[in-house]
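Novice: If you scroll down you'll find the structure; I have some questions about it.
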Amino acid sequence: MIKTFSIILVILGMLAIVSALRSSIALYQRDKRPSTFSFIPVMLGFVLGYLTFAAFLSMKPTTTPIEFIVSMIFFGGGIFCVMIFGVISQSMERIAFAEFQQHHNESHDPLTGLPNRRFLLRTISQQVNEFNLSEQHFALITFDINNFNNINEVFSHQKGDVLLAQFSERLKEFIDADIFLARSSGNRFTLIVNDPQDSNIPNYIESIQSYLDHPLTINEHDVNVTSTAGVSLFPEHGTSAEEVLKRSEIAMYSAKRIQAPYSIYEPSASSHFYDKTELASMLHTAVTTMDFDLYFQPVINVNNQNQMTLEVLLRWPLGDGYSVRPDEFIPIAEQTNAIKQITHWVLETTVTQLAAWRRQGITPQVQINLSVRDIEDDALETFLSSLMKKHPINPAQLTLEITETSMMQNPCKAQAVLEKIKKLGVYLSIDDFGTGFSSLSILSNMPIDEIKIDRSFVTDLLYSSNHEAIVRSTIYLAHSLECRVVAEGVETEALGQYLISIGCDKLQGYWYGRPMTLAQTDEWLQQATLTNTRVASQN
Ligand code: C2E
Ligand code: CA
Ligand code: CA
């Protein structure tokens with residue numbers, strides 16, 4: 001009886017050891033470390049020991065009390081091993097999970113869960129290194145959310161994050177699972193598309209952009225989000241991961257510059273590409289010598305075509321025939337505070353020029369752009385007032401443009417500063433209207449004379465019933481606030497005619513004239529004055 005019981009105890013202990021052996025094998029399969037492998041021979045040794053002892057007991061006619069106690073120890077040892085292995089396995093699993101999480105966090109963006117720039121570069125590098133064997137061509141498509149800073153400024157950074165997460169979800173929904181998608185930086189997402197020669201990349205981008213072109217929701221507001229894309233190809237456009245990625249970003253900047261929805265990298269674009277830090281240090285020097293030019297773009301007054309109006313647009317020539325567009329350097333100037341000096345220079349140069357034209361009997365109206373920093377500047381009104389005392393011009397020749405977004409950043413402050421400026425007799429206009437999410441109550445309190453409908457609504461007016469409705473209701477709203485309405489970005493005659501038919505007061509765009517140098521503007525003004533005089537004398 002004691003003999004049978006002892007044998008059963010040893011066999012049970014051995015079964016426990018066998019189960020611990022299976023755990024140790026599984027552990028090694030997962031872990032693959034020599035230290036975990038060493039458990040396997042030890043466990044096998046135990047199993048052998050148990051088997052031998054069980055055989056020894058069964059061969060003996062009787063079992064002594066000592067042998068019975070040893071059997072109990074064998075049993076307890078087996079159970080102990082199973083328990084120890086359970087604990088070891090659990091700890092190892094936890095360590096493995098923590099390692100996985102750490103690895104995941106290092107390579108993924110916590111907000112969207114997408115691979116981050118580091119992971120993206122690693123993946124591109126891998127494809128670049130394997131190219132000799134795989135001959136795998138690929139395209140990088142970088143999407144950048146337009147005007148994202150405005151969204152952050154108007155709705156807060158937290159809400160901006162919500163929008164980024166929604167945007168990335170939309171992208172994930174659209175693209176196939178085998179396409180690598182990463183958040184390459186703040187509001188920028190990059191896709192790796194293999195075998196671009198087999199797919200029509202422009203069509204693909206257009207379909208992504210039209211899929212993304214539906215409002216996202218923040219605070220129950222529908223926010224229209226558009227994006228600009230840049231494409232670079234491997235191996236055509238670079239030899240390293242950094243180079244190909246940077247070139248897709250250069251292509252994206254080029255597209256923004258010409259206001260196209262996307263562009264494919266062209267080597268000539270590189271020499272004109274400077275990153276923000278380079279531009280900031282170059283701008284620092286440019287501001288000390290005020291190394292800028294003013295261009296002038298005609299604005300047509302529908303109801304009084306004799307009245308000449310020009311919008312003043314800033315250019316920063318770099319001396320190699322290339323000018324940096326204001327969209328690229330104004331945000332940098334705003335961050336470095338150089339914007340105040342630049343605005344003062346623009347105002348002074350324009351007013352001096354107006355005084356010079358006045359001496360020739362030419363009195364155009366000019367529209368000057370102010371930055372968000374300017375409408376926080378209490379000294380602006382004093383500066384403008386002393387400028388107009390120094391150069392005798394009619395204040396009504398000046399219209400100051402403030403973007404809707406700038407105005408909405410601090411409506412109370414904007415209202416106070418604008419009211420002071422308005423007392424000088426100048427006109428005020430809200431630029432890029434429709435992109436700044438202003439409310440009717442704020443708008444009706446502002447001392448404004450004019451609303452300029454943003455180009456994005458005007459351009460495709462004839463093809464988008466949505467945009468047509470927005471433009472029509474903006475005209476209605478502006479007129480009920482006794483404001484004039486300007487449509488900008490008019491590139492065809494048909495569009496101009498249509499805008500006139502729905503009540504626009506002023507039109508601006510390439511159809512009527514592109515921004516001109518001072519010499520060209522002089523000529524344009526002389527001719528316009530001549531035509532006006534001729535028409536007047538014929539009447
Ligand atoms: P904005 O005030 O909306 O100026 C109009 C922009 O649209 C100009 O670009 C102009 O060249 C462009 N444009 C005019 N007509 C058309 C058209 O028919 N089609 C297209 N596609 N574009 C057209 P630009 O000169 O690059 O100026 C960009 C922005 O930079 C301006 O937008 C304005 O916000 C800012 N900016 C320009 N000059 C100054 C300045 O002196 N001070 C400040 N603070 N901002 C400025
Ligand atoms: Ca403007
Ligand atoms: Ca505008």
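Computed from the coordinates by the stated procedures, all read-outs in this text should not be read as laboratory data. What you see is a predicted model, and the numbers here were worked out from it, not measured in a lab. Virtual Cβ from ideal backbone geometry, glycine too; neighbours counted across all protein chains shown.
Novice: Once the other residues with Cβ under 9 Å from the Cβ of GLY238 are scored (Lys, Arg +1; Asp, Glu -1), what is the net sum?
Specialist: -1
Novice: Going by amide H atoms built from the backbone, whose H comes under 5 Å of the H on LEU428, apart from near neighbours?
Specialist: Close amide H contacts, sequence-distant or interchain: LEU400, ASP449, GLU450.
Novice: Further question on the same structure: Could you give the length gained by full extension between ASN410 and HIS479, i.e. 0.36 nm per residue of separation minus their alpha carbon distance, to one decimal place?
Specialist: 22.4 nm
Novice: Here's something else I'd like to know. For GLN365, list long-range residues whose amide hydrogen, built 1.01 Å from N in the peptide plane, is under 5 Å from its own amide hydrogen.
Specialist: Excluding prolines and chain starts, which carry no amide H, the hits are MET308, THR309, LEU310.
Novice: Next question, about the same structure. In sequence order, what are the phi-derived ³J(HN,Hα) couplings for segment 22-33 according to the Karplus relation 6.51 cos²θ - 1.76 cosθ + 1.60 with θ = phi - 60°, rounded to whole Hz, with x for glycine and proline?
Specialist: Going residue by residue, I get 4, 4, 5, 5, 4, 4, 5, 4, 7, 8, 6, 9 Hz, with x marking Gly and Pro.
Novice: What is the local net charge at LEU27, summed over the other residues whose Cβ is closer than 14 Å to its Cβ (Lys, Arg +1; Asp, Glu -1)?
Specialist: Details: positive: ARG22, ARG30, LYS32, ARG33, ARG94; negative: ASP31, GLU93.
With Lys, Arg at +1 and Asp, Glu at -1, the neighbours total +3.
Novice: Show me 413-422, 395-404 ranked by packing, highest mean number of other Cβ atoms within 10 Å first.
Specialist: Per-residue Cβ counts within 10 Å, averaged per peptide and sorted highest first, yield 395-404, 413-422.
Novice: Want the number for ILE40 to ILE25: 0.36 nm per residue separation, take away the alpha-carbon distance, what's left?
Specialist: On the way: separation 15, 0.36 × 15 = 5.40 nm, distance 0.64 nm.
Taking ILE40 through ILE25 to full extension adds about 4.8 nm, to one decimal.
Novice: Just want the answer: with Cβ charges of +1 for Lys and Arg and -1 for Asp and Glu, which residue in HIS237, ASN132, HIS157 is farthest toward the dipole's positive end in segment 117-272?
Specialist: Checked the options; the winner is HIS157.
Novice: May I pose another question? Quick query: amide H of ILE218 versus all other amide H atoms, modeled in the peptide plane; which residues come in under 5 Å with a sequence gap of 5 or more or a different chain?
Specialist: VAL223
Novice: Let me ask you something else. Explain nothing, just compute: Karplus ³J(HN,Hα) = 6.51 cos²θ - 1.76 cosθ + 1.60, θ = phi - 60°, for every residue of segment 147-161 in order, whole Hz, x for Gly and Pro.
Specialist: Values, residue by residue: 6, 5, 4, 4, 4, 4, 5, 6, 9, 5, 5, 4, 5, x, 5 Hz.
Novice: Quick one: dipole size for segment 2-107, taken about the Cα centre, charges +1 on Lys/Arg Cβ and -1 on Asp/Glu Cβ, in debye to the nearest 20.
Specialist: Dipole of segment 2-107, to the nearest 20 debye: 260 debye.
Novice: Any idea what the dipole of the chain comes to, in debye rounded to 20, about its Cα centre with Lys/Arg Cβ at +1 and Asp/Glu Cβ at -1?
Specialist: Charge dipole, the chain, about its Cα centre: 1420 debye, nearest 20.
Novice: Report the Cα centroid-to-centroid distance between segment 409-429 and segment 108-137 in angstrom, as an integer.
Specialist: Each part reduced to its Cα centre gives a spacing of 51 Å.
Novice: Could you tell me which of the pairs LYS159/LYS452; LYS423/LYS452; LYS390/LYS422; LYS3/LYS32; LYS246/LYS340; LYS340/LYS389 are separated by over 30 angstrom between their Cα atoms in the structure shown?
Specialist: Result: LYS3/LYS32; LYS246/LYS340 exceed 30 Å.
Novice: Rounded to the nearest 500 deg cm²/dmol, what is the calculated helix-only ellipticity per residue at 222 nm for the chain, with -39500 (n - 2.57) per DSSP H run of length n ≥ 4?
Specialist: Working: 22 runs with 306 residues, N = 539.
After summing the helix terms and dividing by the residues of the chain, the value is -18500 deg cm²/dmol.
Novice: For segment 51-66, just list the computed ³J(HN,Hα) in residue order, Karplus coefficients 6.51, -1.76 and 1.60, θ = phi - 60°, integers in Hz, with x standing in for Gly and Pro.
Specialist: In residue order, the calculated couplings are 4, 4, 5, 4, 5, 4, 5, 5, 7, 7, x, 10, 10, 7, x, 4 Hz.
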